[in-house]
Amino acid sequence: MNTAIAIDRNEILKRYKPIVKQTHKGLQGHALLIGGSYGKIGAVCLSSKAALKTGCGLVTAFVPQCGYQIVQIANPEVMVVTDVHEKHLSDIDFDLKPNAIGIGPGMGQKTATQNAFHDFLSNTSIPMVIDADALNILAQNPSWMALVPPRTILTPHPKELERLIGKWQLEEEMFQKTIAFSVVNQVIIVMKGAPTHIIDGETVYRNITGNAALATAGSGDVLTGMITSLLAQSYKPCDAAILGVYLHGLTADIALPETGYQSFIASDSIAHIGKAYLSLED
């Protein structure tokens, strides 16, 4: 894609908003991360911690009951609300007013979870990031795309993208189909890959940060938390996607001299979000 706009430091500095000195946690936004199922609560632990480290003031995780202690112990700064079901999501019902929602990490695709996701989509217009199993559920139920609020951010990896838009032969066809999907559904698509592209209707952005270290379990969960956090901090959806992807890639670039490719894990990404931000302040 020669026409893609390169997301470099200059593009980021046009969008980046430094923290106001007089701020307090109530002004920094409240992010809600929804997901997890038995054996996959770690995905929400990663997403919710990444959301906090990216700067929003409050983070709540919505998980099945089996995730309650896990999230509370893993991330003491994160609040937890639980589903009525022990092992998977069955009724996404909460008494909060978050500024942004990230849904899908570790969620699974049980029938009850699919129904809960449908009802959730029918009743929410809060700025949103849809990832992982939530994307797979949408791919299985294409008519539900009509329920997805405009300017929602979808973050598929190549296989999830294929399930959403269908197979392609050449890269050019992949971009054409993704652009068409973005235009028709009025959604922003983060096409995770090397490099990651962000599709906002006819406009395509190409990220310049990141390396092969990011090809590791939980990396996408971290990105979802980061973008959701930026949405909660009232960044416009496209700017949240661009800044989130850029910072996420930068964490791996900064960590690489210490970790090497093989030893880098998603938690290392979270640990380097601070240094990624500091590089914007220089």
So how do 28-40, 223-235, 251-263, 4-16 stack up, highest first, on mean other-Cβ count within 10 Å? 223-235, 28-40, 251-263, 4-16
Would you list the P(r) distribution for the chain, with all Cα-Cα distances sorted into 5 Å bins from 0 and each bin expressed as a whole %? 1, 6, 14, 18, 20, 18, 13, 7, 3, 0, 0
Determine, for each peptide in 195-201, 55-61, the mean count of other beta carbons within 10 angstrom over its residues, then list the peptides with the highest first. 55-61, 195-201
Return P(r) of the range 60-134 (all Cα-Cα pairs; 10 Å bins starting at 0; whole %; ordered from short to long distances). 19, 56, 25, 1
Just rank Cys45, Cys238, fewest to most, by other beta-carbon atoms within 10 angstrom. Cys238, Cys45
For Lys49, counting only lysines whose alpha-carbon sits under 20 Å away and dropping same-chain residues fewer than eight positions off, the answer is Lys25, Lys40, Lys97, Lys275
Sites matching trypsin sites (Lys or Arg not before Pro) across the range 151-219 that sit in DSSP coil, with at most 12 neighbouring C-beta atoms within 10 Å: Lys167
Between Leu13 and Gln186, 0.36 nm times their residue separation minus their Cα-Cα distance comes to what? 59.7 nm
Any residue on another chain or 5+ positions along whose placed amide H is under 5 Å from the amide H of Val80 is listed here as Ala61
Return the equivalent ellipsoid semi-axes of the range 201-282 as a descending list in whole Å, where each equals the square root of 5 times an eigenvalue of the C-alpha gyration tensor. 21, 14, 12
Which order do the peptides 19-27, 274-282, 179-187 take when ranked by the mean count of other beta-carbon atoms within 10 Å per residue, highest first? 179-187, 274-282, 19-27
Provide, for q = 0.11 Å⁻¹, the log10 of I(q)/I(0) from a solvent-free Debye sum over equal Cα point scatterers in the range 1-149. -0.46
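No lab work stands behind these numbers, since they all come straight from the coordinates. None of these values were measured; they are calculated from a predicted model. With ideal geometry, Cβ positions are generated from the backbone for all residues, glycine too; neighbour counts draw on all protein chains shown.
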